[in-house]
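The values are calculated or read from the model by the stated rules, or taken from the named source; none is laboratory data. It should be emphasised that the depicted structure is a prediction, and the values quoted were computed from it without experimental measurement. Cβ atoms come from the backbone with ideal geometry, glycine included; neighbour counts cover every protein chain shown.
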Amino acid sequence: MLDTDVLVAAFRSDRGASRQLLFAALDHSFDLLLSVPLMLEYEAVLTRSEHLEAWGLRMEEVALVLDDLASVARRVRLAFRWRPMLSDANDDMVLETAVNGDANAIVTFNHRDFEKASQEFHCAVIFPRQALGEIRESNT
């Protein structure tokens, strides 16, 4: 389960673990979970003008990547909602997708906001580098 901040980092740097996770998701190296609210969040954040300018991309190019992610992801129906549980409503969307999709981990740079909820729902909160290491280890 990828938090939005991981996708932002994936677009920002072509050398980081976040970019490698994006490629790993597209290559079916792990089971990417997506819900409709989370995909809308991805789109809203990734197509902000300040991001597009910084990355030198057009909205259509970002949309193509999101379409590709949607085509490989496992769709999660949000049968149960836990709101408000976290300090940021957008984080609640990530948590709800993770819990409803029975995620092993939430991959994020934002550990502080997810830590309490992750303990309650028994879902690890890990950094992109750790997630990438675990994917590589499981594929060997």
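Structure above, values below:
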| item | result |
| --- | --- |
| Residue list for the range 70-94, filter: modelled with pLDDT of 95 or more and small (Gly, Ala, Ser) | Ala70, Ser71, Ala73 |
| Unmet requirement for Ala98, which otherwise passes all of (1) within 16 Å of the chain's Cα centre (by Cα); (2) within 20 Å of Arg19 (Cα to Cα); (3) not basic (Lys, Arg) | (2) |
| Boolean, Gly56 is without any contact (Cβ under 8 Å) to a residue 12 or more places away in the chain and on the phi > 0 side of the Ramachandran plot | yes |
| In the range 105-123, the residues that are part of a loop (DSSP other than H, G, I, E, B), more than 13 Å from the chain's Cα centre (by Cα) and buried (at least 17 other Cβ atoms within 10 Å of the Cβ) | Cys123 |
| Number of the exception - Thr97 against (1) farther than 17 Å from Asp5 by Cβ; (2) modelled with pLDDT under 95 | (1) |
| From the options Ser87, Ser49, Ser71, residue that is out of contact with any His (no Cβ under 8 Å at 6 or more places or on another chain), free of Cβ contacts under 8 Å to residues at least 12 places away in the same chain, among the hydroxyl-bearing types (Ser, Thr, Tyr) and more than 20 Å from Leu32 (Cβ to Cβ) | Ser49 |
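Residue-wise test of (1) buried (at least 20 other Cβ atoms within 10 Å of the Cβ); (2) touching a helix residue (DSSP H, G or I) at 6+ places or on another chain (Cβ under 9 Å).
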{"position": "Asp5", "(1), (2)": "no, yes"}
{"position": "Arg12", "(1), (2)": "no, yes"}
{"position": "Ser18", "(1), (2)": "yes, yes"}
{"position": "Ala24", "(1), (2)": "no, yes"}
{"position": "Asp27", "(1), (2)": "no, yes"}
{"position": "Leu40", "(1), (2)": "no, yes"}
{"position": "Val45", "(1), (2)": "no, yes"}
{"position": "Leu52", "(1), (2)": "no, yes"}
{"position": "Gly56", "(1), (2)": "no, no"}
